[in-house]
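The values are calculated or read from the model by the stated rules, or taken from the named source; none is laboratory data. Since this is a predicted model, take the numbers as computed values, not measurements. What goes into the accessible areas is simple: the full protein's heavy atoms, side chains included, and nothing from ligands, DNA or RNA. Shrake-Rupley method; radii C 1.70, N 1.55, O 1.52, S 1.80 Å.
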Amino acid sequence: MLRLTRHVGETIHIGNIIVIVIQRIGDSQVRIGIHAPRELTIVRGEGHRDTAPVNAQGASCFEN
């Protein structure tokens, strides 16, 4: 496992097509944004067993 330290507004690039943006850091949560092609399925870790994709409506808020 790779562990990184990031601040709000900083990014992590995965390959040439995926960018993770740190949007907010709270007491017990970190909010991230993911820029990735729409055809790529993104599944939350807790939903991985059910293979439930992330809500498509929420994905649109990261397209700026």
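The table below gives the values:
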{"quantity": "Linear extension gain, T11 paired with H35, 0.36 nm per residue minus alpha-carbon span", "calculated": "7.6 nm"}
{"quantity": "Probe 1.4 Å - accessible area at T41, Å² to nearest ten", "calculated": "100"}
{"quantity": "Accessible surface, per residue, of the stretch 1-43 when the full set of protein chains is kept, probe 1.4 Å, Å²", "calculated": "88"}
